[in-house]
Amino acid sequence: MEQTGKYISIWLHDEAARLLLNLPKRPENQAESRWVVLGLFEDDAPIGLWISIDRIEERTPEGERIAKTWTVTPRTCLIRWEFIIYAQVLGEAMDTKTIGFRPEKP
């Protein structure tokens, strides 16, 4: 893959992010969070993407506000394909103001 060394954002399913961070399951009466892993792309593998994680953000269900941030040690982790909703290449610098999907303003 030609993206080695570039910053990426990987959006995860709520249940997958909770498994990755060893968090309890989401209570049924609580809305799902939106989760994004931010870091440097290292490599891809048959079962997922290797990423050097800068941080993991839990965002409110609408995705606009960061509710909580995590770091992991060691930083390089494999994110399984089935955990990923989508990934975005951010490029040479991590510009987190432009990540995600929002309706276009008329």
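The values are calculated or read from the model by the stated rules, or taken from the named source; none is laboratory data. None of the values given here were measured: they were computed from a predicted structure. For neighbour counting, all protein chains shown are included, and Cβ atoms are generated from backbone atoms with ideal geometry for every residue, glycine included.
Consider the stretch 41-53. How many of its residues are without any contact (Cβ under 8 Å) to a residue 40 or more places away in the chain, loosely packed, with under 14 Cβ neighbours inside 10 Å and either in contact with a Ser or Thr (Cβ under 7 Å, 6 or more places away or on another chain) or not in a strand (DSSP E or B) (or both)?
Residues meeting the conditions: 2.
Could you identify the single residue in 82, 62 that is of a type outside the set (Gly, Ala, Ser) and modelled with pLDDT under 95? Let's see the steps before the verdict.
Numbers: 82 fails: modelled with pLDDT under 95.
Within the list 82, 62, the selection yields 62.
Would you check which residues across the stretch 26-40 are in a loop (DSSP other than H, G, I, E, B) and out of contact with any Asp or Glu (no Cβ under 7 Å at 6 or more places or on another chain) and list them?
Across the stretch 26-40, the qualifying residues are 27, 28, 29, 30, 31.
Would you check if residue 68 is part of a strand (DSSP E or B) and without any contact (Cβ under 8 Å) to a residue 60 or more places away in the chain?
yes
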